[in-house]
Amino acid sequence: MGKKLVLVGSLAAAATLLFGCSSSSLTTAESSSRFCLAATGYNSASGALDNLPAKPTPDQLRTALEESLGELKSLTKVAPPAIKPDLQNVVKSLKALLSIAARYGYDFAKIDPKDPEFLTFVADTTTKRSGDAVSAYLLSTCGVGNNIGTTVPA
């Protein structure tokens, strides 16, 4: 696949979100505030996927995807109920992407475009909807903009 692979939703959210603190029984306002603080704190830095070179090595790509997954999982822990299911969908999608990438040595150029798991991943509209919902929430509630599409060289 000589073209660039555009991964919307899961990578967009993963590239824009970082860390959260653990929370127990917070009110919706407190939960939103904590979530927004975590997202804003990350937005002022750069995400693992944003730091990838134009042509990442398989190790660089693996590390960035794994870091993004960890960061997204942490953020999900402090997510308010309004956005938590969408973040969970994004985490699920990123896990699927990691599984696919692992089978191909984290080299997107080697991914078989007819691979059933890859086709399922690409066709999953839930990921895009969830990524869009996370982006909209970040912008409207937290005032944090993000990149809707993250391009990863293939």
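Looking at this structure, is Glu71 touching a residue at least 12 places away in the same chain (Cβ under 8 Å) and surrounded by fewer than 19 Cβ atoms within 10 Å (Cβ to Cβ)?
On the way: touching a residue at least 12 places away in the same chain (Cβ under 8 Å): yes; surrounded by fewer than 19 Cβ atoms within 10 Å (Cβ to Cβ): no.
Answer is no for this residue.
Against the condition touching a residue at least 12 places away in the same chain (Cβ under 8 Å) and out of contact with any strand residue (DSSP E or B) (no Cβ under 9 Å at 6 or more places or on another chain), how does Pro56 come out, does it pass? Here the answer is no, as Pro56 does not meet what is asked. Please work out if Asp107 is crowded, with 19+ Cβ neighbours inside 10 Å, modelled with pLDDT of 75 or more and not small (Gly, Ala, Ser). No: the conditions fail for Asp107.
Looking at this structure, is Ser99 surrounded by fewer than 18 Cβ atoms within 10 Å (Cβ to Cβ) and either more than 19 Å from Leu49 (Cβ to Cβ) or at pLDDT 90 or above (or both)? Walk me through how you get there before you give the answer.
Details: surrounded by fewer than 18 Cβ atoms within 10 Å (Cβ to Cβ): yes; either more than 19 Å from Leu49 (Cβ to Cβ) or at pLDDT 90 or above (or both): yes.
So Ser99 fits the description; yes.
State yes or no: is Ala39 at pLDDT below 50, surrounded by 23 or more Cβ atoms within 10 Å (Cβ to Cβ) and within 14 Å of the chain's Cα centre (by Cα)?
On the way: at pLDDT below 50: no; surrounded by 23 or more Cβ atoms within 10 Å (Cβ to Cβ): yes; within 14 Å of the chain's Cα centre (by Cα): yes.
Taking the combined requirement at face value, the residue does not satisfy it.
Write out, first by first residue and then by second, each pair whose Cβ atoms fall under 7 Å of each other, whose residues are 6+ apart or on separate chains, and whose first residue, in region 127-154, is under 29 Å from Gln60 (Cβ atoms) and part of a loop (DSSP other than H, G, I, E, B) while the second is charged (D, E, K, R) and modelled with pLDDT under 85. Qualifying pairs under 7 Å: Pro153/Lys4; Ala154/Lys3; Ala154/Lys4.
The values are calculated or read from the model by the stated rules, or taken from the named source; none is laboratory data. What you are looking at is a predicted structure, and each value in this text was computed from that prediction instead of being measured. Please note: Cβ atoms are built from the backbone with ideal geometry, for glycine as well, and neighbour counts cover all protein chains shown.
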